[in-house]
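Worksheet: one structure, shown below.
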Amino acid sequence: DHGEEKEFEELTARLTDLFNYLKKERSSEPFVEPSEPFFIAVPGNHDLVRPGSKSFGCKMMTKMWADDDDIQNDTWNKQTDSEAWKVIQTAFKNYTDWYDGPLPFKKPPDMTPGLLPGEFSVTVPKDSYQIGILGLNTAFLQLDGGDFKGKLDANAAQVVAACGLTHHEWVEKHDACLLLTHHPSDWLSNLGKEQFEGIIAPSGRFALHLCGHNHEPQMAESKW
């Protein structure tokens, strides 16, 4: 709930129980080749440590972001000495330490890290198919409480960093691609939606966009 170390320790314990159960169930199914499931995750707005609404870092990212090109450029260009970058890294440090640490369940090998904490691309083989999975961080601006719907952001730089400059080729070399984000696209700002719908995930690029944050199950289907 607050991105604390002890919460991630509890999460690890619960996920371990879940993965042991899944492995046990799969091993008992006829005609199913036993295999250990992969664990893949992207961070959400409760996986970070909020800096406090009165801190300059929080005000900078939540109040000034939309109107300050310098803050945005520092972030998208990964200016590691900038205040914006320091705020983001500090907020997600516990999550990053947890996910990059020695978890007792299996993660896919050869994950390519992306721009923001928790971002990645990875290829997961399934039978004769190659499944591409792209995970993006949509929670980096939600550093405080309140309603952030329509105030979050996304940028093509996130995809380029995770997939490479030839991210179109990354998509084409897979039989199907999945996109993981914590927030659905309607939580993005107008500019973020333009980037998301026009560059990041135009129609036909991803077979599925998996997200949460709605607090109730939803599914959309479309032909592509």
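Before moving on, here are some points about what is shown:
- Residues in the stretch 189-213 that are of a type in the set (S, T, N, Q) and open to solvent by 50 Å² or more (accessible area, probe 1.4 Å) were compared, and the one that is nearest to Leu178 (Cα to Cα) is Ser203.
- Pairs, first under 22 Å from Gln72 (Cα atoms) in the stretch 115-142, second outside any loop (DSSP other than H, G, I, E, B) and charged (D, E, K, R), C-beta under 9 Å, six or more apart: Pro117/Lys93
- Among helices (runs of 4 or more DSSP H) entirely within the stretch 72-168, having at least 3 residues that are open to solvent by 80 Å² or more (accessible area, probe 1.4 Å) singles out 83-91.
- Condition check for Asp68: at pLDDT 95 or above, of a type in the set (Asp, Glu) and surrounded by fewer than 18 Cβ atoms within 10 Å (Cβ to Cβ): yes
- Among the conditions (1) open to solvent by 50 Å² or more (accessible area, probe 1.4 Å); (2) over 25 Å from Asp68 (Cα atoms); (3) touching a residue at least 12 places away in the same chain (Cβ under 8 Å), the only one that Cys177 does not satisfy is (1).
The values are calculated or read from the model by the stated rules, or taken from the named source; none is laboratory data. Model, not experiment: these values are computed from the prediction. For neighbour counting, all protein chains shown are included, and Cβ atoms are generated from backbone atoms with ideal geometry for every residue, glycine included. To get the accessible areas, we keep the full protein, side chains included, count just its heavy atoms, and leave off ligands, DNA and RNA. Shrake-Rupley method; radii C 1.70, N 1.55, O 1.52, S 1.80 Å.
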